[in-house]
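Engineer: My questions all concern the structure below.
Only the coordinates and a few stated rules stand behind these numbers; no lab work does. For clarity, every value in this text was computed on a predicted model and none was experimentally measured. Cβ coordinates were reconstructed from backbone atoms using ideal geometry, including for glycine residues, and neighbour counts include every protein chain displayed.
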Amino acid sequence: MAETEEEEKFPFDINPMYEGERVRKAGMYVELGGQGKPGYELVLFEPDPEQIKDGEVDLIGPDLEDMEEGGNYAYAMIYRVYGEQIEKDLEAVIERRNHEYQSYIQGYMHLNQRAEIWVRISKEAVKKGLKSLKQIGKATIMLFKAELPFIEKMDATFITDEEEVKKGLEEANRIYEARDVKTRGLHDEDVDEFYQCTLCQSFAPTNVCVVSPDRIALCGAMSWFDSRAAARIDPEGPNAPIPKGDCIDPIGGEYTGVNEAAVRLSSGEYDSIKLHSFLEKPHTSCGCFEVAGFYIPEVEGIGWVHRGSKVTDTPIGLPFSTIAGSVGGGKQVKGFLGIGVQYFYSPKFIQYDGGWRRVVWMASDLKARVAEAIPAEMKDKIATEKEVKTIEELREFLQRVDHPVVKGVIREVDGERITEGWAVEAEAVAAPAEVEEEVPSEAQVPLASVPLVASGANTPVRIILKDADISIGKIIVKRKEGK
Ligand code: SF4
């Protein structure tokens, strides 16, 4: 990056090579936002250029010098922008770039988006002379204006006073919600193009982010409208149209154009993606997803927990952070999926796998947050950490409430039966065994993940292995004597 006069004044390097830099706890001077304190970032379009104090940064609350080393503080970053080409629609697009540009700053780690921002500043950066968050703000404005020339004027207000951040957060949430609601009337079949986003490829190189009207970006920050606006105003940027091509699977949401994009964007790692599937050819997940989904083979259902959830243990015994570690990195991971919160409101929400009929568990704070999206008949059938703590308790709960997974899920959109249900499994267990296996000791089969399904007394036993990790030296199958 070319150095400017102003850049030389900053006591830190600014370079895209710092994208993905992590500040570990041991090397951290302070933490802003994150799990412990409220935070948000917001870009607002200001139609009157005279209102903007171009390049200026105000700070409300304690500055870095007043903060205790190792402390965690509230943090809000509010930018106002003006430009002849800028419209309100571009607010979300510009806002999403805050993550990218702040990541160019050495010793400053910016993660996530909207009301989930998590920032760490390194001790090293402070030792080198970083004294004030205003320096960060000025550097960020400089980057915005250099990278997005349609921004003619920009100023910022940073807030670290916790009460002020909390107050502003209510308004910010209203703004995020209004942006999200806008996309709910438009559907995948109404448009000819979806949009790609490559912003997260800097740390997740095989990530294939496809934004469609019925599938908001997994970071929750880019809707189809936002992506279209970004592609129009910044054609060289990370957003570009993906022509849909032919529809291969209308229920799973598989399109030839998306599959071609998958090959191109993942450098050949993936060749197909179903936009509305959880278990088959799922969308890749980088690290920015708002919510992580996890398959629970013991009940043939899906659980969901969100970033920032107060719930530390899911029924599979893992918190969000551990699940996120399994999902992220731009991989297509069967059994896990990262999504944006608004995807719960999509009429195509994991419809390939049965949609809401397949959801068995949610963190209670997430369930409350998206309560309006849950079909009335499913509301009481989805457990939370308040009702169940273990898989066994979950099984009992699901049987008690007669959840669809117990007798088998019928997919609403086409009436197809997609799971057999445990009632059939139970029959299989009770039925006389037709197959005897002799498995040597080196076999490693997670039995909880291997349902046996018998179709009837005179038909062969069908063995379905799900998510199995099997290593077998020898297997003998014999007919029982007298049969
Ligand atoms: S998660 Fe996807 S849409 Fe969001 S910034 Fe990253 S690549 Fe773009």
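Engineer: Enter the Cα centre distance for the pair region 266-305 and region 134-185, rounded to the nearest angstrom.
Structural biologist: 30 Å
Engineer: Relative to the longest principal axis of the C-alpha atoms of the chain, give the angle of the C-alpha long axis of helix 256-265, reported between 0 and 90° and rounded to the nearest 10°.
Structural biologist: The angle comes out near 60 degrees.
Engineer: Mind sorting 24, 228 by how few other Cβ atoms lie within 10 Å of their own Cβ, fewest first?
Structural biologist: Details: 24 9, 228 20.
Ascending number of Cβ neighbours within 10 Å: 24, 228.
Engineer: Percent relative contact order of the chain, based on C-alpha pairs within less than 8 angstrom and at least six residues apart?
Structural biologist: 11 percent
Engineer: Still on this model: If you take every DSSP beta bridge fully contained in the chain, what fraction is antiparallel? Give it as a percent rounded to 5.
Structural biologist: Counting only bridges with both partners in the chain, antiparallel ones make up about 70 percent.
Engineer: Could you work out how far helix 224-233 tilts from the main Cα principal axis of the chain, as a 0 to 90 degree angle to the nearest 10?
Structural biologist: Between helix and principal axis, roughly 40 degrees.
Engineer: Please go through the residue pairs 348/379; 331/407; 167/389; 167/310 and name each one whose alpha carbons sit more than 25 Å apart in this structure.
Structural biologist: Too far apart for the 25 Å limit: 331/407; 167/389.
Engineer: What Rg and what Dmax come out for region 7-183 when only alpha-carbon atoms are used, in angstroms?
Structural biologist: For region 7-183, the Cα-based Rg and Dmax read 15.4, 46 Å.
Engineer: Hey, what do the phi angles of region 152-157 turn into as Karplus ³J(HN,Hα) couplings, whole Hz, using 6.51/-1.76/1.60 and θ = phi - 60°, x for Gly and Pro?
Structural biologist: Here the 3J(HN,Hα) series is 8, 9, 7, 9, 9, 10 Hz.
Engineer: A further question on this structure: Helix-only estimate, please: 222 nm mean residue ellipticity of the chain, summing -39500 (n - 2.57) across DSSP H runs of length 4 or more and dividing by its residues, to the nearest 500.
Structural biologist: Mean residue ellipticity at 222 nm (helix-derived): -6500 deg cm²/dmol.
Engineer: Amide H neighbours of residue 419 under 5 Å, counting only residues 5+ apart in sequence or on other chains, H built in-plane at 1.01 Å?
Structural biologist: Close amide H contacts, sequence-distant or interchain: 409.
Engineer: Check the chain for me: any Cys whose beta-carbon has no other cysteine beta-carbon within less than 4.7 Å?
Structural biologist: Flagged as lacking a Cys partner: 247.
Engineer: Cut-off is 10 Å between beta-carbons; in what order do 246, 365, 226 appear when sorted fewest neighbours first?
Structural biologist: 246, 365, 226
Engineer: Using Cα pairs closer than 8 Å and at least 6 residues apart in sequence, work out the relative contact order for region 252-309, in percent.
Structural biologist: 22 percent
Engineer: To the nearest 10 degrees, how steeply does helix 162-181 sit against the main Cα axis of the chain, on a 0 to 90 scale?
Structural biologist: With both axes taken from Cα atoms, the answer is about 60 degrees.
Engineer: Follow-up. At a threshold of 8 angstrom on Cα-Cα distance, excluding pairs fewer than six apart, so keeping six or more, what relative contact order does region 9-138 reach in percent?
Structural biologist: Working: 221 pairs, mean separation 57.8, N = 130.
Computed over region 9-138, the figure is 44 percent.
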